[in-house]
Amino acid sequence: MTNKLIKGLVATAVLAALAGCNSSDDDTPLTACEAAGDACTRFTVIHTNDNHGRFWQNSDGEYGMAARKTVIDQIRSEVERSGGETMLLSGGDINTGVPESDMQNAVPDFMGMSILGYDAMAVGNHEFDNPLSTLDMQATIAQFPMLAANIYKKDPNTEQVTDERYFEPYRVFDINGLQIAIIGFTTVDTPKVVSPGNVASLHFTDPQDEIHKVLAEIEANETVDMVFALTHMGHYADGKHGTEAPGDVMLARTLEQGQLQAIIGGHSQNPVCMEGDEYADFTPGDACKPDIQNGTFIMQAHEWGKYVGRADFEYLDGALTLASYKLIPINLKDDEGNFYTQEIEQDQIVIDALQHYQQAGQELLDVVISSTDGKLEGDRDRVRSEQTNLGQLLTRAYGDWVTANFEPTVDFGVMNSGGIRASIAPGDISYRDVLTVQPFGNDVAYVTMSGTEVQAYLANVAQKTGGGMPQLYPMEMIVHCDAVDINPDATPVDIVDIQSLGSRDFNLESEYTFSLINFSASGGDDYPVITGHDNYIDTQRSDASVLREYFESNPSIKVAEYAPGDGGHPVFMRGGDIVNSCAK
Ligand SMILES: [Zn+2]
């Protein structure tokens, strides 16, 4: 019922300010260009975002670049026939998410985007999941610019921020005779959510400040008809961005009306289809009304190439109108396995170009390395709010591996739950499963600390919520989540009462060794930075390769042995009650 209402609202909102009626159909108002004739300029922006390694369709035949190309080509020929021109934009995060892509450094994804004819992309935070040299390599494959105005180089000698940007800040495109400047922005959260070493030579500025600077540069150096932003900052309804950095809505609101005509975004991975200031109840095939904030259109096409966004713009007498907007589902299926909309044929050129990457990936990944008699729980909602068997298994795998390969015996393990990206289903386990759980290629690390340091460290991380919520193994410890609420002056050391660590008693004077990944050790997910600690060691071995080794030496996993209730686990207390975590 809600959807019908939305469809009605979209028709009026998008086609409202229109003069006259179409003679052949009195119910359909004319668009600006239909009313004005030749004086009007038509152009269409086609957009996707958050590809995350989905160059190939999934096992159900959904999305994939080959079907995406078919739809894009159809739009292009349709628009050209009506006297318009198109441009194809990506809101970034091409990297990370599918093992076949990850193992090949997203080469097939950037090749595919070049074949599809992307005109530009925003640089996403996941572009920094690999060392900068990998991103530089990807930039040589991409036949289009990577745009980011708010990423600056640091001087390698002094570490000082320079005024030199790492990427092109904007590019001016001629589209059907109009000069449109497209500015790129990357979320300022990036240094918090990638392995800090990958961005150590870069400085990220706040897009809400940077945009004034770039607009002044465009004003000084270019003659343009309008300015768009291509962003990877996230869309948050009514600008309520919570603990995330401010996104597209706040960017639009920071400007004078008319300074920025549209934002094509990514990062929050939602279909931006609005009903007032709230998200509409959207299912594939529904009408979609993009956001408009302070006169700026804001659009985002969910994620993974599930949709191709199509925005048909019309420009007349200095005014931009949106004649129509659609999120076109790319072979998405409902729960019964039926297509939401008519099946789209895959483009053969794309298949021919990418098939051998898909096959190479399959061969590497399909080898069975272990099996499990039950689900290993890594679902985002669960793993970020409670201890799970997969969290226990991961911390145990890393700890055991460090103990087996290095001098000290590991007393416990800490794993930020934001680094656990998927569950493992009962049955065979392949390297594919391993890489789906741990796609980031972080290193296993360990550190030896005094009891006093350990207590302060755990007091800090035990209170983290969301992706910072720690999976901890094996230990008995009581975390008083509300200690700071009750007494704002409470020191972290007052908050945690560690009773024992593994088989050892805990006291402040003894030394303890724990394992973790280098991502959190270097401050990722807002963990305390411990890479400078005298006894910190980065083993330079990837988390996924260690986990793979663990499964290979444990060929039949029994989930009961990893139940969080066994082998010691932290107890979180709030208001006298035992809770799952310190998350409120
Ligand atoms: Zn992102």
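The values are calculated or read from the model by the stated rules, or taken from the named source; none is laboratory data. What you see is a predicted model, and the numbers here were worked out from it, not measured in a lab. Glycine also receives a Cβ, built like all others from the backbone with ideal geometry; neighbour counts cover every protein chain displayed.
Things worth noting here:
- Ala106 being within 16 Å of the ligand (Cβ to nearest atom) and among the aliphatic types (A, V, I, L, M): yes
- The residues in segment 195-220 that are aliphatic (A, V, I, L, M) and in contact with a strand residue (DSSP E or B) (Cβ under 6 Å, 6 or more places away or on another chain) can be counted, and the count is 3.
- Across segment 45-83, the qualifying residues are those that are of a type in the set (Gly, Ala, Ser) and over 16 Å from Leu116 (Cβ atoms), and the one among them that is nearest to the ligand (Cβ to nearest atom) is Ser59.
- The residues on offer are Gly413, Gly427, and the sole one that is on the phi > 0 side of the Ramachandran plot, in contact with a Ser or Thr (Cβ under 7 Å, 6 or more places away or on another chain) and in the same structural domain as Tyr562 (by TED's automatic domain parsing) is Gly427.
- All conditions in (1) hydroxyl-bearing (Ser, Thr, Tyr); (2) more than 16 Å from the ligand (Cβ to nearest atom); (3) closer than 21 Å to Thr186 by Cα hold for Thr86, with the sole exception of (3).
Let's see how each residue does on (1) under 21 Å from Asp209 (Cβ atoms); (2) aromatic (Phe, Trp, Tyr); (3) within 16 Å of the ligand (Cβ to nearest atom):
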| residue | (1), (2), (3) |
| --- | --- |
| Asp248 | yes, no, yes |
| Gly258 | yes, no, no |
| Ala262 | yes, no, no |
| Asn270 | no, no, yes |
| Gly276 | no, no, no |
| Thr283 | no, no, no |
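- In segment 309-424, counting only strands (runs of 3 or more DSSP E) that sit wholly within it, the ones holding 2 or more residues that are surrounded by fewer than 21 Cβ atoms within 10 Å (Cβ to Cβ) span 319-329, 368-372.
- Residue in segment 174-182 that is more than 24 Å from Thr44 (Cβ to Cβ), away from the ligand (no atom under 16 Å from the Cβ) and of a type in the set (Asp, Glu) present: no
- Filter result for Val107 (of a type in the set (A, V, I, L, M), touching a residue at least 40 places away in the same chain (Cβ under 8 Å) and surrounded by 24 or more Cβ atoms within 10 Å (Cβ to Cβ)): no
- Selection count where residues are more than 20 Å from Thr186 (Cα to Cα) and at pLDDT 95 or above, scope segment 91-139: 8
- Flag if Glu275 is modelled with pLDDT of 95 or more, in contact with a Cys (Cβ under 8 Å, 6 or more places away or on another chain) and assigned by TED's automatic domain parsing to the domain that holds Gly53: no
- Residue match in segment 212-234 (condition: within 14 Å of the ligand (Cβ to nearest atom), in a loop (DSSP other than H, G, I, E, B) and surrounded by 15 or more Cβ atoms within 10 Å (Cβ to Cβ)): yes
- Boolean, Glu100 is away from the ligand (no atom under 16 Å from the Cβ), more than 22 Å from Glu343 (Cα to Cα), in a helix (DSSP H, G or I) and in contact with a Leu (Cβ under 8 Å, 6 or more places away or on another chain): yes
- Neighbours by Cβ (under 6 Å, 6+ apart or cross-chain): first from segment 120-141, aromatic (Phe, Trp, Tyr); second within 16 Å of the ligand (Cβ to nearest atom): Phe128/Val194; Phe128/Asn198; Phe128/Val199
Matching residues to (1) closer than 27 Å to Arg76 by Cβ; (2) within 16 Å of the ligand (Cβ to nearest atom):
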position: Ser114; (1), (2): yes, no
position: His126; (1), (2): no, yes
position: Ala139; (1), (2): yes, no
position: Gln160; (1), (2): no, no
position: Arg171; (1), (2): yes, no
position: Ser195; (1), (2): no, yes
position: Phe204; (1), (2): no, yes
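- Residue match in segment 180-190 (condition: assigned to a helix (DSSP H, G or I), on the phi < 0 side of the Ramachandran plot and hydroxyl-bearing (Ser, Thr, Tyr)): yes
- Residues in segment 213-248 that are of a type in the set (Ser, Thr, Tyr) and touching a helix residue (DSSP H, G or I) at 6+ places or on another chain (Cβ under 8 Å): Thr231, Tyr236, Thr243.
- Of all residues in segment 75-91, those satisfying the criterion of being more than 25 Å from Gly53 (Cβ to Cβ) and in a helix (DSSP H, G or I) are Arg76, Ser77, Glu78, Val79, Glu80, Arg81.
Okay, residues lined up against (1) surrounded by fewer than 23 Cβ atoms within 10 Å (Cβ to Cβ); (2) farther than 19 Å from Ile94 by Cβ; (3) touching a residue at least 12 places away in the same chain (Cβ under 8 Å):
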| site | (1), (2), (3) |
| --- | --- |
| Glu256 | yes, yes, no |
| Gly265 | no, no, yes |
| Ser268 | no, no, yes |
| Thr283 | yes, yes, yes |
| Pro290 | no, yes, yes |
| Thr296 | no, yes, yes |
| His302 | no, no, yes |
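- Selected residue (criterion: surrounded by the most Cβ atoms within 10 Å (Cβ to Cβ)) from residues of segment 171-211 that are among the acidic types (Asp, Glu) and modelled with pLDDT of 95 or more: Glu210
- Test: residue in segment 396-405 that is modelled with pLDDT of 95 or more, within 23 Å of the chain's Cα centre (by Cα) and not charged (D, E, K, R): no
- Of all positions in segment 356-363, none carries a residue that is out of contact with any Cys (no Cβ under 6 Å at 6 or more places or on another chain) and farther than 28 Å from Met113 by Cα.
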